[in-house]
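Inspection log for the structure reproduced underneath, given as structure tokens.
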Amino acid sequence: MLNFRPSPPCNRLFPDSIDSYANTEITCALALVFSAVSRKLSRKELCNIKHDAGELRDQKDLDRAAEVLSWNKRLMSMLGLWPFKSNDFIFSINFGYFSFLMIMEYLDLFLYIGDLEHVIMNLTENMAFSQIFVRMSMLRLYNSQIGEVITEAMKDFDRTCYKTAEEVKAFITYNARSKIFVKLLTAFVALTASSYYLTPIIIILGIGGLPEVMISENVTQIIYLLPYRFHLFYAVENMRAYTITYAWQMPFVFVSGFGQSAADCIMVTLVFHICGQMSVLALRINNINTELCDCKGEIRHVVLMHIRLLRMGQIIGEAFSATLLAHLLGATSLVCILGYQILTNFAKGERGVLVTFLIFQFLVLLILYAHCTVGESLLTESAKVCEAFYDCRWYNMSKENARMIVLCMARSQKPLCLIAGKFTMFCLSTLTDVLKTSMGYLSVLRSFL
């Protein structure tokens, strides 16, 4: 178990009571206003009322901010991976079903390794499914550690954890970013998974029936298009077998969609949460009052908060290291392969399939951008904390306090960051490197057009 700094309890904020106190806060604020109007109050009392009303507004904003954790709870619960209510039975069914079909995908790749077009179509799905497999595995492996970080994060949605409205604003700014990313990721994962599954139906509707291929003179064979390149141990030669096969592949849409979005959303949420708390920490360091005879209490609080955030960041970095490595390799391949698919379908004039691949490509770039952005934000806020330690007037402090600040300076030289496989740092420069590498591979594939 982690030895985190104890914080004021805020169990009432999550997960069932995120907005439960909104009406109470409004009622209290109105009562204070009517009380002020009904009797003459001193200036000091009016200032206190304004301060209380401001704290009520801040708490309401924090309650809204906590909604992002509720969204993550719904996503992870669908896989049985919510740390506080994990379900091994649900996870085993989802993971077993996904793993079996992914093995069938690899088997199909092995059997048709000599067919370039078939291999490219297989890799389009295979690289994405392999990433999802790693995501689900890591969520299960580090489930308890992620739960510890979520528990700590839940404590930060209480107004008593913040000294000023500026601190609340700094934290909520990062929380708002995580909400935007979670909404976009969830929407485009759902859109991509559903459109890819429906691609054969779109093709059938576009040509007015199942496609046919000429075998010999006056002899044609119907092609029963399926959404995925899973190897089948039986032949699909009639509509009944085709309908059943198409139907039993439908759950794969939901399993793959939740597997993709759950891992990415919880990582983005927790990393942006740590960034928001690092921003609050930098403000507190800058506001240390060195004119007091003894500012030991303030410094002790800052040091403990710094240690707490470092531990949270280290857990997140370790839990998602393999996920980021798989995504780095997979995204580099997928940007190239999907670019080739888009060029090929554009040249053939297949607009229905072209839209599906465009959506898929946008999703890959969106997730890559999200990972690089949260990594860059973590580096930026770590640098701000380091600068804040240097800028504070540590030279006016007592030797004991100055020694603690110097130790924090030394530790802050090594910033918190997201590392893929413990050797590549995720930041905005990673995004440009991946795009350059992918375009280089794409230029090679274009020679086959």
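The values are calculated or read from the model by the stated rules, or taken from the named source; none is laboratory data. Owing to the predicted nature of the structure, the values given are computational and were not obtained by experimental measurement. Using ideal geometry, Cβ is built from the backbone for each residue, glycine included, and neighbour counts are taken over all protein chains shown. Please note that ligands, DNA and RNA were not included when accessible areas were found on the heavy atoms of the full protein model with its side chains. Shrake-Rupley method; radii C 1.70, N 1.55, O 1.52, S 1.80 Å.
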Being without any contact (Cβ under 8 Å) to a residue 12 or more places away in the chain, among the aliphatic types (A, V, I, L, M) and open to solvent by 10 Å² or more (accessible area, probe 1.4 Å), is that true of even one residue in region 302-313? no
Please verify whether region 196-218 includes one or more residues that are within 22 Å of the chain's Cα centre (by Cα), part of a helix (DSSP H, G or I) and among the small types (Gly, Ala, Ser). no
Can you name the condition, by its number, that GLY297 falls short on among (1) open to solvent by 20 Å² or more (accessible area, probe 1.4 Å); (2) at pLDDT 95 or above? (2)
Being under 30 Å from LYS73 (Cα atoms) and open to solvent by 10 Å² or more (accessible area, probe 1.4 Å), is that true of even one residue in region 226-242? yes
Given the criterion assigned to a helix (DSSP H, G or I), of a type in the set (Phe, Trp, Tyr) and over 19 Å from the mean Cα position of the chain (by Cα), identify the matching residue among PHE171, PHE188, PHE100. PHE100
Can you tell me which residue is surrounded by the fewest Cβ atoms within 10 Å (Cβ to Cβ) among those in region 388-441 that are modelled with pLDDT of 90 or more and charged (D, E, K, R)? LYS436
Look through region 367-387, keep the residues that are in contact with a Pro (Cβ under 8 Å, 6 or more places away or on another chain) and in contact (Cβ under 8 Å) with a residue 40 or more places away in the chain, and return whichever of them is surrounded by the most Cβ atoms within 10 Å (Cβ to Cβ). LEU378
Run MET138 past the list (1) more than 27 Å from ALA420 (Cβ to Cβ); (2) open to solvent by 30 Å² or more (accessible area, probe 1.4 Å); (3) of a type outside the set (Asp, Glu) and report the number of the one that doesn't hold. (1)
Being assigned to a helix (DSSP H, G or I), over 21 Å from LEU368 (Cα atoms) and touching a Ser or Thr at 6+ places or on another chain (Cβ under 8 Å) is the filter here; which residues of region 398-449 pass it? SER412
The listed residue being open to solvent by less than 40 Å² (accessible area, probe 1.4 Å), in a helix (DSSP H, G or I) and either aromatic (Phe, Trp, Tyr) or within 30 Å of ALA420 (Cα to Cα) (or both), out of LYS179, LYS183, LYS155: LYS179
Residue check: is ILE93 surrounded by fewer than 18 Cβ atoms within 10 Å (Cβ to Cβ), part of a helix (DSSP H, G or I), modelled with pLDDT of 80 or more and hydrophobic (A, V, I, L, M, F, W, C)? yes
Can you tell which of LEU116, LEU79, LEU69, LEU75 is touching a residue at least 60 places away in the same chain (Cβ under 8 Å), more than 30 Å from CYS161 (Cα to Cα), surrounded by 15 or more Cβ atoms within 10 Å (Cβ to Cβ) and hydrophobic (A, V, I, L, M, F, W, C)? LEU79
In the set PHE230, PHE171, which member is touching a residue at least 12 places away in the same chain (Cβ under 8 Å) and in contact with a Leu (Cβ under 6 Å, 6 or more places away or on another chain)? PHE230
